[in-house]
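A short write-up of the structure that comes next.
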Number of protein chains: 2
Amino acid sequence: CASVSKGAFNTVVAVFLSTGLGREYALAFAERGASVVVNDLGADTKGGGRSSAAADKVVEEIRAKGGKAVANYDSVEDGEKLIQSVLDAFGKIVSNVGLYAGSTPQCFKRILSFFFVFTSDLIHRVHLRGSFLVTRAAWNHMKKQKFGRIIMTTSAAGIYGNFGQANYSAAKLGMLGLANTLAIEGLKYNIFCNTIAPVAGSRLTETVMPPDLVMSLKPEYVAPLVLWLCHEQCQENGGLFEVGAGWIGKLRWERTQGQTVRQKNKPMTPEAVRDQWDKICDFTDATKPASIQESLQSVVSVLSRVESEGEVNGNPTA
Amino acid sequence: CASVSKGAFNTVVAVFLSTGLGREYALAFAERGASVVVNDLGADTKGGGRSSAAADKVVEEIRAKGGKAVANYDSVEDGEKLIQSVLDAFGKIVSNVGLYAGSTPQCFKRILSFFFVFTSDLIHRVHLRGSFLVTRAAWNHMKKQKFGRIIMTTSAAGIYGNFGQANYSAAKLGMLGLANTLAIEGLKYNIFCNTIAPVAGSRLTETVMPPDLVMSLKPEYVAPLVLWLCHEQCQENGGLFEVGAGWIGKLRWERTQGQTVRQKNKPMTPEAVRDQWDKICDFTDATKPASIQESLQSVVSVLSRVESEGEVNGNPTA
Ligand SMILES: NC(=O)c1ccc[n+]([C@@H]2O[C@H](COP(=O)([O-])OP(=O)(O)OC[C@H]3O[C@@H](n4cnc5c(N)ncnc54)[C@H](O)[C@@H]3O)[C@@H](O)[C@H]2O)c1
Ligand SMILES: NC(=O)c1ccc[n+]([C@@H]2O[C@H](COP(=O)([O-])OP(=O)(O)OC[C@H]3O[C@@H](n4cnc5c(N)ncnc54)[C@H](O)[C@@H]3O)[C@@H](O)[C@H]2O)c1
């Protein structure tokens, strides 16, 4: 079983943030032999401001330890420019590029009304569109070299919802939707796309978590997952992981057997839906559809069942 | 057990599309006593063009059957204007508003490269931002009247990913993220938000499905679910449903027990992640976390476990 240790990443890794989690990723990749492009536009926690200090500091840290790193200060909204700078810096000397695409949040504070969050387009521009733009700019290069690893950073706020974070949860779950399709499109080019929902103490979470929790939930308990998912030996693709405190769990959809609520040659009614509601929502013997094909197939199978049986109780099999 | 039948919806329903699924919803609501605002800007399948014919036609159909309906031709991007027109038309005579927010797709065709889809902002503007804007405009009115029902229309393409639909799947899963948070924020005002992933033959799907399937997967096999979810007796909130052909199933997340991959006072490594990968991905005894609190709690519990046991094998309980 091969090692993920020093020298294993003879790759260029672009890390799209330099404080909190991003700093940790950059350091961990560099320690294992990756050439790192540290991108950060140096925004404050509200997404405003610009400074080269954040990225520079991490680059200095890496170089002081003998690692290879360059800084980049573009916004993730300038995807093309950003990826070009990765190529300019290391493009001629590398065999493959592991890309970490995890754009950044602007505002994680609890907000009393969701209207406030709604009015800000910044979250969508940076998280969702930023991830789009960076990935698109890198995609053709990854395709050509037949290798790529993309990590999208979603959030439990998107997966489960969170009070005051309507906008953030929409943008973050949108990134998962994007990842779901990229995983399918990239497969034959050895481009894998996985999604993580981290929990880590950072300047982002210090406003919503008790101080000792912020201290204990170290970003270095998240970085090893990102490194493994970016490794060429890792064959995981299209996965969703929650990670924090040194623990990692995987998520997937489960679906009820559900219920067919119409009969042959009769109109389907809301009353029938209401009357079968418990059945519709009963997770006994739930299935785990893993693709749109599986999903569609089970819906389509209902058609012939209703025609032949004329029954209300025909359930599709997944 | 009360009836959902004629007269049960003494409400105003705004239906945000008038062909395909939207037409079916409008007719079904009107038949059961709702006053319907049929909104449609009359776009072609690519999202271009404008015509009042689409909405007018459905309004005529409803009126011919003795129902109450008015047309509106604003884009869902003009959320405020649209909701104002709902209030202007029926605002003084209704006790509550059931809102159907399901903005529309621009392009469901298989596209060979995802870059093409990426370059179009239209999908995001209409689906994701359109749903935002309409919902925001309606929110305060729903809050005041202490009643609201919101249905977001996502897609299996977002839930599972689909080749050629990177942009669409991102926008559509973003709507689920939005719904997840709205369900939490609306709860105490009796505003419920559910999400459906329909499969129905329409001008959208006729390009990707065989003709007989398009004919068989009738939009009227979807509408009864929407009616029931909009009914004041329905207490479902924050749910996600796949629906088509007369069958309805419910989805939720399941999560592996996962694995703690670090030991007390030792650095966490990618090697440890790799070596525990099977455990991390093993869905035996999977949990079903239902909220961000449950999710966070299980991560936090790892901290004390590692400190006390110093073990690699402590799993969190959900
Ligand atoms: N920390 C957590 O518990 C947590 C939980 C869920 C998700 N996340 C996600 O993880 C990622 C990192 O979060 P963090 O906690 O390390 O935050 P952080 O605030 O410490 O780091 C964010 C960094 O992004 C940079 N940035 C902001 N806008 C940018 C832009 N347009 N272009 C380039 N860089 C930009 C900032 O300058 C900052 O250095 C985010 O995507 C966040 O949503 C974090
Ligand atoms: N049909 C399916 O199998 C299926 C599957 C998954 C999701 N959906 C979703 O269901 C919804 C309806 O789909 P359909 O199949 O009935 O499509 P359709 O093309 O028949 O109807 C879409 C309608 O939306 C209108 N529209 C477009 N842009 C608009 C705007 N900016 N403002 C207001 N109206 C606008 C169009 O004029 C058209 O009448 C969409 O959100 C779609 O993504 C449908």
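Observations, loosely collected:
- Positions within region A:33-65 being more than 10 Å from ligand 1 (Cβ to nearest atom), over 12 Å from A:ARG23 (Cβ atoms), more than 14 Å from chain B (Cβ to nearest Cβ) and not in a helix (DSSP H, G or I), in sequence order: A:SER35, A:VAL37, A:SER52, A:LYS65
- Residue within region A:25-48 that is modelled with pLDDT of 75 or more and either of a type in the set (S, T, N, Q) or within 22 Å of B:LEU128 (Cα to Cα) (or both) present: yes
- Checking each residue in region A:134-147 for being surrounded by fewer than 24 Cβ atoms within 10 Å (Cβ to Cβ) and at negative phi picks out A:ARG136, A:ALA137, A:ALA138, A:ASN140, A:HIS141, A:MET142, A:LYS143, A:LYS144, A:GLN145, A:PHE147.
- B:THR256 vs. criteria at pLDDT 90 or above, facing chain A (nearest Cβ under 9 Å) and crowded, with 22+ Cβ neighbours inside 10 Å: yes
- Residue pairs whose Cβ atoms lie under 7 Å apart, separated by 6 or more positions or on different chains, with the first residue in region B:159-170 and facing chain A (nearest Cβ under 7 Å) and touching a residue at least 40 places away in the same chain (Cβ under 8 Å) and the second buried (at least 24 other Cβ atoms within 10 Å of the Cβ) and polar (S, T, N, Q), are B:GLN165/A:THR181; B:ALA166/A:THR181.
- Criterion: out of contact with any Phe, Trp or Tyr (no Cβ under 6 Å at 6 or more places or on another chain), buried (at least 23 other Cβ atoms within 10 Å of the Cβ) and either facing chain A (nearest Cβ under 9 Å) or more than 15 Å from A:ARG274 (Cβ to Cβ) (or both) - qualifying residue of B:PRO224, B:PRO219: B:PRO224
- Checked against the criterion of being away from ligand 2 (no atom under 16 Å from the Cβ), part of a loop (DSSP other than H, G, I, E, B) and free of Cβ contacts under 8 Å to residues at least 40 places away in the same chain, region A:223-246 contains one or more residues that satisfy it.
- All conditions in (1) in contact (Cβ under 8 Å) with a residue 40 or more places away in the chain; (2) crowded, with 24+ Cβ neighbours inside 10 Å hold for A:LEU173, with the sole exception of (1).
- Test: residue in region A:196-211 that is touching a Gly at 6+ places or on another chain (Cβ under 7 Å) and over 20 Å from A:ARG23 (Cβ atoms): no
- When residues of region B:82-98 are limited to those that are within 13 Å of B:LEU133 (Cβ to Cβ) and away from ligand 2 (no atom under 11 Å from the Cβ), the one modelled with the lowest pLDDT: B:ILE83
- Any hit, region A:106-118, residues being basic (Lys, Arg), over 17 Å from B:ASN167 (Cβ atoms) and modelled with pLDDT of 70 or more: no
- Residue match in region A:186-201 (condition: within 15 Å of ligand 1 (Cβ to nearest atom), among the hydrophobic types (A, V, I, L, M, F, W, C) and in a helix (DSSP H, G or I)): no
- Residue check for B:ALA54: buried (at least 19 other Cβ atoms within 10 Å of the Cβ), touching a strand residue (DSSP E or B) at 6+ places or on another chain (Cβ under 8 Å) and among the small types (Gly, Ala, Ser): no
- Residues (aromatic (Phe, Trp, Tyr) and either crowded, with 23+ Cβ neighbours inside 10 Å or within 17 Å of A:VAL226 (Cβ to Cβ) (or both)) located in region A:188-210: A:PHE192
- One residue alone among A:MET209, A:MET215, A:MET175 is in contact with a His (Cβ under 7 Å, 6 or more places away or on another chain) and outside any strand (DSSP E or B), and that residue is A:MET175.
The rows are residues; the columns are (1) crowded, with 18+ Cβ neighbours inside 10 Å; (2) more than 8 Å from every other protein chain (Cβ to nearest Cβ); (3) more than 30 Å from the chain's Cα centre (by Cα); (4) in a helix (DSSP H, G or I).
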{"site": "A:ILE248", "(1), (2), (3), (4)": "yes, no, no, no"}
{"site": "A:LYS266", "(1), (2), (3), (4)": "no, yes, yes, no"}
{"site": "A:VAL273", "(1), (2), (3), (4)": "yes, no, yes, yes"}
{"site": "A:ASP278", "(1), (2), (3), (4)": "no, yes, yes, yes"}
{"site": "A:THR284", "(1), (2), (3), (4)": "no, yes, no, no"}
{"site": "A:GLN297", "(1), (2), (3), (4)": "no, yes, no, yes"}
{"site": "A:SER308", "(1), (2), (3), (4)": "no, yes, yes, yes"}
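- Annotation for region A:196-215: at least one member residue is closer than 22 Å to A:ILE292 by Cα and touching a residue at least 24 places away in the same chain (Cβ under 8 Å).
- Single condition B:GLY49 does not satisfy, out of (1) within 12 Å of ligand 2 (Cβ to nearest atom); (2) farther than 19 Å from B:PRO219 by Cβ; (3) touching a Lys or Arg at 6+ places or on another chain (Cβ under 9 Å): (3)
- Within region B:286-295, restricting attention to residues that are among the aliphatic types (A, V, I, L, M) and crowded, with 18+ Cβ neighbours inside 10 Å, the residue that is farthest from the other protein chains (Cβ to nearest Cβ) is B:ALA286.
The values are calculated or read from the model by the stated rules, or taken from the named source; none is laboratory data. Keep in mind it's a predicted model, so treat the numbers as computed, not measured. Reconstructed Cβ throughout: ideal geometry from the backbone, glycine too, with neighbour counts over all protein chains shown.
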